[in-house]
Amino acid sequence: MNVLPEMPPNFRLVRFEKDGCVSWGVLSGDGLRVHPLEGPGHGSYPVGDVHFHPPVTPGKIIAVGLNYRAHGNEMGKPLPEEPLLFMKATSALLPPGGEIHLPRMSRRVDYEGEIALVVGKKASRISPEEAPFYLYGITCANDVTARDLQKKDVQYTRAKSFDTFCPLGPVILTGALPDARRLTTEVNGVVRQDARASDMIFDPLTLVSFISQIMTLEPGDVILTGTPAGVGPLSPGDRVVVTLEGVGSLANRVDADPHFSSDLPR
Ligand code: ZN
(Lines give C-alpha, C1' and ligand atoms only; values in the text may rest on other atoms or scores of the structure.)
Protein backbone atom coordinates (compact mmCIF):
# COMPACT_ATOMS: atom_id res chain seq x y z
CA MET A 1 0.00 0.00 0.00
CA ASN A 2 1.22 3.41 -0.85
CA VAL A 3 1.31 6.26 1.60
CA LEU A 4 2.46 9.29 -0.29
CA PRO A 5 3.67 12.16 1.90
CA GLU A 6 1.49 15.26 2.08
CA MET A 7 3.40 17.82 0.04
CA PRO A 8 2.83 21.35 -1.19
CA PRO A 9 2.90 21.79 -4.97
CA ASN A 10 6.08 22.06 -7.03
CA PHE A 11 8.38 20.01 -4.81
CA ARG A 12 10.67 17.49 -6.50
CA LEU A 13 9.98 14.40 -4.42
CA VAL A 14 12.22 11.32 -4.64
CA ARG A 15 12.46 7.95 -2.93
CA PHE A 16 16.06 7.07 -2.23
CA GLU A 17 18.26 4.54 -0.47
CA LYS A 18 21.20 5.51 1.70
CA ASP A 19 23.12 3.03 3.88
CA GLY A 20 20.41 0.41 3.39
CA CYS A 21 17.63 2.77 4.48
CA VAL A 22 14.86 3.82 2.05
CA SER A 23 13.38 7.29 2.61
CA TRP A 24 11.45 10.07 0.98
CA GLY A 25 13.44 13.12 0.05
CA VAL A 26 13.26 16.40 -1.80
CA LEU A 27 15.78 17.49 -4.43
CA SER A 28 17.47 20.82 -3.89
CA GLY A 29 16.81 23.63 -6.37
CA ASP A 30 20.05 22.91 -8.23
CA GLY A 31 19.23 19.17 -8.27
CA LEU A 32 22.57 18.32 -6.65
CA ARG A 33 21.45 17.30 -3.16
CA VAL A 34 18.71 15.24 -1.55
CA HIS A 35 17.10 16.43 1.67
CA PRO A 36 15.40 13.60 3.60
CA LEU A 37 11.81 14.35 4.61
CA GLU A 38 12.06 12.47 7.89
CA GLY A 39 14.64 11.05 10.27
CA PRO A 40 17.05 12.54 12.73
CA GLY A 41 18.94 15.70 11.95
CA HIS A 42 18.55 17.96 8.98
CA GLY A 43 21.42 16.77 6.84
CA SER A 44 21.40 16.30 3.09
CA TYR A 45 23.27 14.05 0.68
CA PRO A 46 24.88 14.63 -2.71
CA VAL A 47 22.72 12.83 -5.34
CA GLY A 48 25.77 10.78 -6.31
CA ASP A 49 25.83 9.21 -2.83
CA VAL A 50 22.29 7.77 -2.92
CA HIS A 51 20.42 5.20 -5.01
CA PHE A 52 17.07 6.32 -6.36
CA HIS A 53 14.09 3.99 -6.23
CA PRO A 54 10.95 4.32 -8.34
CA PRO A 55 9.16 7.18 -6.55
CA VAL A 56 6.05 5.06 -5.95
CA THR A 57 5.16 1.37 -5.78
CA PRO A 58 1.95 1.40 -7.80
CA GLY A 59 -0.88 -1.03 -7.22
CA LYS A 60 -1.47 -0.83 -10.95
CA ILE A 61 0.19 0.66 -14.00
CA ILE A 62 -2.32 1.75 -16.65
CA ALA A 63 -0.98 2.79 -20.02
CA VAL A 64 -2.44 4.60 -23.02
CA GLY A 65 -1.64 3.63 -26.61
CA LEU A 66 -1.51 5.89 -29.67
CA ASN A 67 -2.05 9.18 -27.83
CA TYR A 68 0.09 11.32 -30.14
CA ARG A 69 -0.93 11.77 -33.79
CA ALA A 70 2.56 11.49 -35.26
CA HIS A 71 3.19 8.24 -33.36
CA GLY A 72 -0.08 6.75 -34.65
CA ASN A 73 1.06 7.61 -38.17
CA GLU A 74 4.53 6.07 -37.72
CA MET A 75 2.90 2.85 -36.45
CA GLY A 76 0.56 2.84 -39.49
CA LYS A 77 -2.44 2.60 -37.19
CA PRO A 78 -5.70 4.56 -37.26
CA LEU A 79 -6.09 6.99 -34.37
CA PRO A 80 -8.39 5.72 -31.60
CA GLU A 81 -11.81 7.32 -31.11
CA GLU A 82 -11.52 6.91 -27.35
CA PRO A 83 -8.42 6.24 -25.20
CA LEU A 84 -6.81 2.87 -25.95
CA LEU A 85 -5.87 1.34 -22.59
CA PHE A 86 -3.62 -1.52 -21.60
CA MET A 87 -1.75 -2.49 -18.45
CA LYS A 88 1.84 -3.25 -17.52
CA ALA A 89 2.73 -5.69 -14.74
CA THR A 90 3.93 -3.88 -11.61
CA SER A 91 6.80 -6.41 -11.48
CA ALA A 92 8.19 -4.64 -14.60
CA LEU A 93 9.10 -1.58 -12.50
CA LEU A 94 12.75 -0.55 -12.75
CA PRO A 95 14.52 2.14 -10.72
CA PRO A 96 16.36 5.05 -12.31
CA GLY A 97 19.83 3.79 -13.19
CA GLY A 98 18.59 0.17 -13.33
CA GLU A 99 19.43 -1.99 -16.31
CA ILE A 100 16.79 -2.78 -18.98
CA HIS A 101 17.18 -6.44 -19.96
CA LEU A 102 16.41 -7.46 -23.52
CA PRO A 103 14.50 -10.75 -23.25
CA ARG A 104 15.62 -13.64 -25.38
CA MET A 105 11.98 -14.15 -26.44
CA SER A 106 12.01 -10.90 -28.45
CA ARG A 107 14.06 -9.68 -31.41
CA ARG A 108 12.93 -6.07 -31.24
CA VAL A 109 12.66 -4.09 -28.01
CA ASP A 110 11.78 -0.38 -28.29
CA TYR A 111 12.04 2.59 -25.91
CA GLU A 112 8.91 4.73 -25.43
CA GLY A 113 9.53 7.91 -23.44
CA GLU A 114 6.34 8.95 -21.63
CA ILE A 115 4.89 11.30 -19.07
CA ALA A 116 3.54 9.40 -16.05
CA LEU A 117 0.71 10.67 -13.85
CA VAL A 118 0.73 9.61 -10.19
CA VAL A 119 -2.66 9.25 -8.51
CA GLY A 120 -2.90 10.89 -5.08
CA LYS A 121 -6.44 10.07 -3.92
CA LYS A 122 -8.91 7.26 -4.47
CA ALA A 123 -10.89 8.22 -7.58
CA SER A 124 -13.99 6.63 -9.06
CA ARG A 125 -16.16 8.10 -11.82
CA ILE A 126 -14.73 11.59 -11.64
CA SER A 127 -15.03 14.31 -14.26
CA PRO A 128 -12.06 15.87 -16.07
CA GLU A 129 -12.68 19.04 -14.06
CA GLU A 130 -12.34 17.10 -10.80
CA ALA A 131 -9.23 15.21 -11.92
CA PRO A 132 -6.56 17.68 -10.72
CA PHE A 133 -7.76 17.19 -7.13
CA TYR A 134 -7.03 13.45 -7.39
CA LEU A 135 -3.58 13.68 -8.95
CA TYR A 136 -0.41 13.74 -6.87
CA GLY A 137 2.09 14.76 -9.51
CA ILE A 138 4.00 13.82 -12.64
CA THR A 139 7.16 11.87 -13.37
CA CYS A 140 9.14 10.27 -16.23
CA ALA A 141 8.58 6.75 -17.54
CA ASN A 142 9.89 4.48 -20.25
CA ASP A 143 7.19 2.15 -21.60
CA VAL A 144 9.69 -0.41 -22.89
CA THR A 145 8.01 -2.65 -25.47
CA ALA A 146 8.82 -5.92 -27.24
CA ARG A 147 7.52 -4.63 -30.59
CA ASP A 148 7.56 -7.96 -32.42
CA LEU A 149 5.56 -9.65 -29.67
CA GLN A 150 3.11 -6.74 -29.51
CA LYS A 151 2.33 -7.28 -33.20
CA LYS A 152 2.19 -11.05 -32.87
CA ASP A 153 -0.06 -11.18 -29.79
CA VAL A 154 -2.57 -8.44 -30.77
CA GLN A 155 -3.13 -7.66 -27.07
CA TYR A 156 -0.19 -6.22 -25.18
CA THR A 157 0.33 -8.08 -21.91
CA ARG A 158 3.45 -10.01 -22.86
CA ALA A 159 5.05 -7.28 -24.97
CA LYS A 160 4.77 -4.65 -22.21
CA SER A 161 5.38 -6.64 -19.04
CA PHE A 162 8.81 -8.26 -19.11
CA ASP A 163 10.83 -7.61 -15.94
CA THR A 164 12.68 -4.25 -16.22
CA PHE A 165 10.24 -2.90 -18.86
CA CYS A 166 8.94 -0.02 -16.71
CA PRO A 167 11.68 2.41 -15.66
CA LEU A 168 10.03 5.14 -13.53
CA GLY A 169 11.18 8.33 -11.80
CA PRO A 170 13.29 9.54 -10.21
CA VAL A 171 11.42 12.76 -9.46
CA ILE A 172 7.71 13.37 -8.86
CA LEU A 173 6.93 17.04 -9.35
CA THR A 174 4.13 17.41 -6.81
CA GLY A 175 0.85 19.12 -7.61
CA ALA A 176 1.86 19.62 -11.23
CA LEU A 177 0.19 18.77 -14.53
CA PRO A 178 1.96 17.99 -17.83
CA ASP A 179 0.63 21.26 -19.40
CA ALA A 180 2.78 21.98 -22.47
CA ARG A 181 6.04 20.58 -21.02
CA ARG A 182 8.63 19.26 -23.43
CA LEU A 183 9.26 15.51 -23.37
CA THR A 184 12.43 14.16 -24.97
CA THR A 185 14.04 10.74 -25.26
CA GLU A 186 17.73 10.38 -26.03
CA VAL A 187 19.57 7.19 -26.92
CA ASN A 188 23.36 7.39 -26.55
CA GLY A 189 23.08 11.20 -26.49
CA VAL A 190 21.04 11.47 -29.72
CA VAL A 191 17.51 12.93 -29.42
CA ARG A 192 15.01 10.39 -30.80
CA GLN A 193 11.72 11.74 -29.45
CA ASP A 194 10.87 15.40 -28.91
CA ALA A 195 7.29 16.52 -28.28
CA ARG A 196 5.08 18.64 -26.07
CA ALA A 197 2.57 17.27 -23.58
CA SER A 198 0.03 19.51 -25.28
CA ASP A 199 0.38 17.33 -28.42
CA MET A 200 -1.57 14.51 -26.75
CA ILE A 201 -4.82 13.50 -28.46
CA PHE A 202 -6.56 12.83 -25.13
CA ASP A 203 -5.28 15.28 -22.51
CA PRO A 204 -4.24 14.02 -19.06
CA LEU A 205 -7.39 15.13 -17.23
CA THR A 206 -9.60 13.43 -19.83
CA LEU A 207 -7.53 10.26 -19.43
CA VAL A 208 -7.88 10.21 -15.63
CA SER A 209 -11.63 10.79 -15.87
CA PHE A 210 -12.02 8.11 -18.58
CA ILE A 211 -10.02 5.49 -16.66
CA SER A 212 -11.93 6.25 -13.45
CA GLN A 213 -15.20 5.33 -15.23
CA ILE A 214 -13.76 1.82 -15.64
CA MET A 215 -11.65 1.13 -12.54
CA THR A 216 -11.17 2.79 -9.18
CA LEU A 217 -7.85 4.60 -9.07
CA GLU A 218 -5.90 4.25 -5.83
CA PRO A 219 -3.14 6.42 -4.35
CA GLY A 220 0.16 5.55 -5.99
CA ASP A 221 -1.39 4.14 -9.16
CA VAL A 222 0.51 5.25 -12.24
CA ILE A 223 -0.89 6.24 -15.65
CA LEU A 224 1.47 6.28 -18.64
CA THR A 225 0.05 8.82 -21.06
CA GLY A 226 1.42 7.51 -24.36
CA THR A 227 4.57 8.01 -26.38
CA PRO A 228 5.31 10.58 -29.11
CA ALA A 229 6.72 9.77 -32.54
CA GLY A 230 10.29 8.54 -32.87
CA VAL A 231 10.19 5.15 -31.15
CA GLY A 232 13.04 2.82 -32.05
CA PRO A 233 14.99 -0.26 -31.02
CA LEU A 234 17.38 -0.70 -28.11
CA SER A 235 20.63 -2.69 -28.21
CA PRO A 236 22.93 -3.98 -25.48
CA GLY A 237 25.15 -1.16 -24.21
CA ASP A 238 22.69 1.63 -25.09
CA ARG A 239 21.93 4.38 -22.60
CA VAL A 240 18.38 5.76 -22.83
CA VAL A 241 17.34 8.99 -21.10
CA VAL A 242 13.77 10.31 -20.83
CA THR A 243 13.57 13.99 -19.82
CA LEU A 244 10.47 15.90 -18.80
CA GLU A 245 10.87 19.65 -18.69
CA GLY A 246 10.90 21.05 -15.16
CA VAL A 247 10.74 17.58 -13.63
CA GLY A 248 13.90 15.57 -14.32
CA SER A 249 15.62 12.86 -16.31
CA LEU A 250 15.26 9.10 -16.13
CA ALA A 251 18.41 7.30 -17.32
CA ASN A 252 18.83 3.56 -17.83
CA ARG A 253 21.33 1.28 -19.51
CA VAL A 254 20.41 -1.67 -21.68
CA ASP A 255 21.86 -5.15 -21.65
CA ALA A 256 21.10 -8.62 -22.91
CA ASP A 257 19.09 -10.87 -20.61
CA PRO A 258 21.71 -11.91 -18.03
CA HIS A 259 19.84 -15.12 -17.28
CA PHE A 260 20.90 -16.61 -20.60
CA SER A 261 24.42 -17.09 -21.84
CA SER A 262 25.35 -14.86 -24.76
CA ASP A 263 26.00 -17.71 -27.23
CA LEU A 264 22.31 -18.67 -27.31
CA PRO A 265 20.34 -17.24 -30.24
CA ARG A 266 18.25 -14.21 -29.41
ZN1 ZN B 1 3.59 3.50 -24.54
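Within region 96-172, considering only helices (runs of 4 or more DSSP H) that don't extend past its boundaries, which have at least 3 residues that are in contact (Cβ under 8 Å) with a residue 60 or more places away in the chain?
Values: elements: 131-134, 147-153, 157-160.
Those helices (runs of 4 or more DSSP H) span 131-134.
Kindly indicate whether Phe16 is under 21 Å from the mean Cα position of the chain (by Cα), part of a strand (DSSP E or B) and within 16 Å of the ligand (Cβ to nearest atom).
no
Inspect region 42-55 for any residue being closer than 25 Å to Pro96 by Cα, in a strand (DSSP E or B) and within 13 Å of the ligand (Cβ to nearest atom) and give the result as yes or no.
Among the residues of region 42-55, not one is closer than 25 Å to Pro96 by Cα, in a strand (DSSP E or B) and within 13 Å of the ligand (Cβ to nearest atom), which makes the answer no.
So which residues in region 227-263 are closer than 16 Å to Ile138 by Cβ and either touching a helix residue (DSSP H, G or I) at 6+ places or on another chain (Cβ under 7 Å) or away from the ligand (no atom under 16 Å from the Cβ) (or both)?
Thr227, Pro228, Thr243, Glu245, Gly246, Val247, Gly248, Ser249, listed by residue number.
Of the residues Leu79, Leu66, which single one is at pLDDT below 95, hydrophobic (A, V, I, L, M, F, W, C) and open to solvent by 60 Å² or more (accessible area, probe 1.4 Å)?
Just one listed residue meets the conditions, Leu79.
For region 167-188, give me each residue that is among the polar types (S, T, N, Q) and on the phi < 0 side of the Ramachandran plot. Can you show your working first?
Going residue by residue through region 167-188, those that are among the polar types (S, T, N, Q) are 174, 184-185, 188.
Across region 167-188, the qualifying residues are Thr174, Thr184, Thr185.
Go through Ile223, Ile126 for me and flag whichever is within 13 Å of the ligand (Cβ to nearest atom), aliphatic (A, V, I, L, M) and under 16 Å from Ile62 (Cβ atoms).
After applying the criteria, what remains is Ile223.
Return only the number of the condition from (1) surrounded by 12 or more Cβ atoms within 10 Å (Cβ to Cβ); (2) touching a strand residue (DSSP E or B) at 6+ places or on another chain (Cβ under 6 Å) that Pro9 does not satisfy.
So the condition that Pro9 fails would be (1).
The values are calculated or read from the model by the stated rules, or taken from the named source; none is laboratory data. As the structure is a computational prediction, the values presented were derived from the model and not from experiment. FYI the Cβ positions are ideal-geometry reconstructions off the backbone, even for glycines, and counts take in every protein chain you see. Heavy atoms of the whole protein, side chains included, go into the accessibility calculation; ligands, DNA and RNA do not. Shrake-Rupley method; radii C 1.70, N 1.55, O 1.52, S 1.80 Å.
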